[in-house]
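To keep things clear, I will list the structure first and then write my remarks on it.
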Amino acid sequence: MNRRPLIAGNWKMHLTVSEAVRLAQAAAQTCGACPDRDVMVAPAFTALTKVREALKDTSLLVAAQNVAWEREGAYTGEVSPVMLQDIGVHFAIIGHSERRQIFGEDDAMINCRLRGALAGGIQPVLCVGETLEERETGRTISVLEQQMRQDLQGVSADKMHQIVLAYEPVWAIGTGKTATTEQAQEAHAFLRRFLTEEYEKNIADGVRILYGGSVKPENIDNLMAQPDIDGALVGGAALQAESFDRIIRFR
Ligand code: 13P
């Protein structure tokens, strides 16, 4: 199946509002020149409104870096799907390894966020991935399977096509160590097999699976040549207009 490639920049806790708007405008320009692929940026909450406004006449997609499960209530520090909708943001990263590892979000909470997002009209970019220790002890596939099973619990087939998956091996994030194309392809193929078994082939074939972890201009072309890699979730290299431009223009 022909899946439309998606290159997403996760800006994490970087950039002031004006820096974010400038970088988003540069990405929008590249995006306009590459009509056969989708491009997304995920600014910090403080910059979301302005970035969204600055991009409203472009095809660049905008995502939040997380989202709460309830519409409103006593949840200090959280932002709800309704609030994102209100500013025209329709995507959110959920389950990033930094949320899991630094802020203690577990699969039950990630499942809650994911279902809340879907119920509130927000399309999740769900991140899964193993740690170095899990890989070195041969548990990569079983960890991915457990994350997928728990994070997607209760998600029906008709919602699954709204989800983008991101395979981000924790040991490759911000370390300069990329998974080899074989390691990445193997994990992506497993995730697609899981979707085939849990849903159906049609759905598995349609879901985009991004690779994340030290994606750079130097490795994007090889990663994108893999049959089950449909895009990238880029951290550090998305913070420079030039390197993100080259990644968007992968060949
Ligand atoms: P780096 O590209 O900086 O390794 O970050 C990857 C990531 O976590 C994207 O979500």
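A few remarks follow.
- Number of the exception - Glu218 against (1) outside any helix (DSSP H, G or I); (2) crowded, with 20+ Cβ neighbours inside 10 Å: (2)
- Within the option set Gln85, Gln150, being under 26 Å from Glu53 (Cβ atoms), assigned to a helix (DSSP H, G or I), of a type outside the set (Asp, Glu) and modelled with pLDDT of 95 or more holds for one residue only, Gln85.
- Any pair with Cβ under 9 angstrom, 6 or more apart, that starts in region 111-140 at a residue that is more than 13 Å from Trp171 (Cβ to Cβ) and ends at one that is among the hydroxyl-bearing types (Ser, Thr, Tyr) and at pLDDT 95 or above: Gly116/Ser80; Gly120/Ser80; Cys127/Ser97; Cys127/Tyr167; Val128/Ser97; Val128/Tyr167
- For first residues located in region 190-216 and polar (S, T, N, Q), partners that are open to solvent by less than 30 Å² (accessible area, probe 1.4 Å) and away from the ligand (no atom under 16 Å from the Cβ) and lie 6+ apart or on another chain with Cβ distances below 6 Å form the pairs Thr196/Ala204.
- If you check Ala232, Ala166, Ala184 for being closer than 19 Å to Asp36 by Cβ, within 16 Å of the ligand (Cβ to nearest atom) and either part of a loop (DSSP other than H, G, I, E, B) or touching a residue at least 40 places away in the same chain (Cβ under 8 Å) (or both), only one passes: Ala232.
The values are calculated or read from the model by the stated rules, or taken from the named source; none is laboratory data. Everything quoted here is computed from the prediction, not taken from an experiment. When we count neighbours, we look across all protein chains shown, and the Cβ atoms used for this are built from the backbone with ideal geometry, even at glycine. Heads up: the accessible areas ignore ligands, DNA and RNA and are worked out on the full protein's heavy atoms, side chains in. Shrake-Rupley method; radii C 1.70, N 1.55, O 1.52, S 1.80 Å.
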